[in-house]
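Asks: Have a look at the structure that comes next, please.
Each value in this text was obtained by applying a stated rule to the coordinates, not by laboratory testing. Predicted model only: the values in this text are computed from it and were never measured. Here the Cβ positions follow ideal geometry from the backbone for every residue, glycine too, while neighbour counts run over all protein chains shown.
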Amino acid sequence: MSSSPDRRPIFVATHPRACSTAFERVFMTRPDALSCVHEPFGDAFYYGPERMSTRYDHDEAAREKSGYAGVRYDDVMGRILKEMLENDKTRVFIKDMAYYIVPPSGDRPLGPARSLDRHPNPVADSNPTIIPTSLLMLFHWTFLIRHPRKAIPSYYRCTIPPLNKKTGFDEFMPSEAGYVELRRLFEFLHANGIIAEESKYDSEETRKSRGTMFGQMNEDSVSAWSGPGRDERLEQGPALSRQLENIPGPVKITVVDADDLLDDPEGTLRAYCEAIGVDFDPKMLKWDDDESQRTAKEAFEKWNGFHDDAIGSTELTPRSHKAKTSTREEEDKEWKEKYGEEGQKIIRETVDKNVAEYEYLKKFALKPKKME
């Protein structure tokens, strides 16, 4: 069971190839406390009528084949809130890419998705997402990062032969690196008190100011789900209001670095679980039973080829040696040997453009917690 009365869905915002699916598998071992929803916003981002990605703009057949061509952002939000309402003994746990809700600059107009524009959106001028502020406040936000020198080459590999035959991603798009969007989301939530440093989290002033704003927006947003609409979920406003009525204001800033996770899985997850109000159990580090494997395969199948390692895994153990930090010359040599001269140049340029964003978020990373 969860040790926290907080009913907000836990949202792990991340970027591609951050070991996020392995991280998610840990929490999939806790159906007693958590209901996991795997990357739900990608459906609307890539395939739906409100899509922000240009990847399938000219490939209607691929959009239709996906099964998500009709999915809008309010469908995704409705699914999450419905999941939350169906079981009052578990919390929803979401892992998803920040860039699915934060448009790359200049790629699509800023502002809420049309299907969500009925929801209150104060500080709209500074909100970088297509999700109104009142809905952003319904989540318990956390963040997962990995150094670009590891994540970018891994993502590039998914977009070239032979792996692209499985993933269906035939082009590497630097805009999908995801670091800029992750930082923009973090800074917005931080600036508006939705997440806060530990020193400010418990202050009476912070709780009072954010609690008042949160309470009003929660009430207004719930009422927006209660009006006449396209399906039965829009009639769930009263139940949703009851679920969320005791939610406090801000949550503590929670950032996990994948290197810490790989070096010290138990310590990092102890710290993370404490931050989100979920009891840690060492058994969460192992998932070698048939039911766990079946559940993971079903959850991850829509992103074929991206999650093969996580699907094939059975546990999360510390790596035997800490990752070696290569020189710039060594990295370029390795990437050139693996991906050719053009690939090396693309990877280097993308890595260099995103290091500053990673290093900014790294400053907030959790310290692994040792067993007392």
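Asks: Once you order the gyration tensor axes a ≥ b ≥ c over the Cα atoms, which shape class does the range 264-361 get: rounded for a/c under 1.5, otherwise prolate or oblate by comparing a/b with b/c?
Replies: prolate
Asks: Moving on. For residue 165, give me every one of the lysines with a C-alpha distance below 27 angstrom, ignoring sequence neighbours fewer than eight places off in its own chain.
Replies: Those lysines meeting the cut-off are 65, 95, 150, 297, 302, 333, 336, 338, 345.
Asks: Something else: May I ask for the net charge around residue 153, where only other residues with Cβ less than 9 Å from the Cβ of residue 153 are counted and Lys, Arg are +1 while Asp, Glu are -1?
Replies: Around residue 153, the surrounding residues sum to +3.
Asks: Using only Cα atoms, locate the centre of the range 78-99 and the centre of the range 307-372, then give the distance between them in Å, rounded to an integer.
Replies: Their Cα centres are 29 Å away from one another.
Asks: All other residues with a Cβ under 9 Å from the Cβ of residue 29 taken together, and with Lys, Arg as +1 and Asp, Glu as -1, what is their net charge?
Replies: +3
Asks: So how do 253-262, 140-149, 281-290, 119-128 stack up, highest first, on mean other-Cβ count within 10 Å?
Replies: So the order, starting with the most tightly packed, is 140-149, 253-262, 119-128, 281-290.
Asks: Relative contact order for the range 252-372: what is it in percent, counting Cα pairs under 8 Å that are at least 6 residues apart?
Replies: Reported as a whole number, the value is 47 percent.
Asks: Related question: Which whole number in µm²/s is D for the range 75-150 by Stokes-Einstein, with the Kirkwood Rh taken over Cα pairs at 25 °C and 0.890 mPa s?
Replies: This corresponds to a translational diffusion coefficient of 172 µm²/s.
Asks: Amide H neighbours of residue 95 under 5 Å, counting only residues 5+ apart in sequence or on other chains, H built in-plane at 1.01 Å?
Replies: Long-range HN contacts for residue 95: 12, 37, 39.
Asks: Full-extension gain between residue 314 and residue 190, please, as 0.36 nm times their residue separation minus the C-alpha to C-alpha distance.
Replies: Residue separation times 0.36 nm, minus the Cα-Cα distance, leaves 41.1 nm.
Asks: Around residue 34, which amide H atoms from residues at least 5 apart in sequence, or from another chain, sit under 5 Å from its own amide H, with H modelled in the peptide plane?
Replies: Those lying under 5 Å, H to H, from residue 34 are 91.
Asks: Still on this structure, I have one more. How much net charge surrounds residue 16 when only the other residues with a Cβ under 10 Å from the Cβ of residue 16 are counted, with Lys and Arg +1 and Asp and Glu -1?
Replies: After counting each charged neighbour, the total is +1.
Asks: Let me ask something additional. Provide the gained length on full extension for the span residue 173 to residue 86, in nm with one decimal, where the gain is 0.36 nm per separating residue minus the Cα-Cα distance.
Replies: The span from residue 173 to residue 86 would gain 27.5 nm if fully extended.
Asks: Alpha carbon centre of the range 243-304 versus the range 52-72: separation in Å?
Replies: 30 Å
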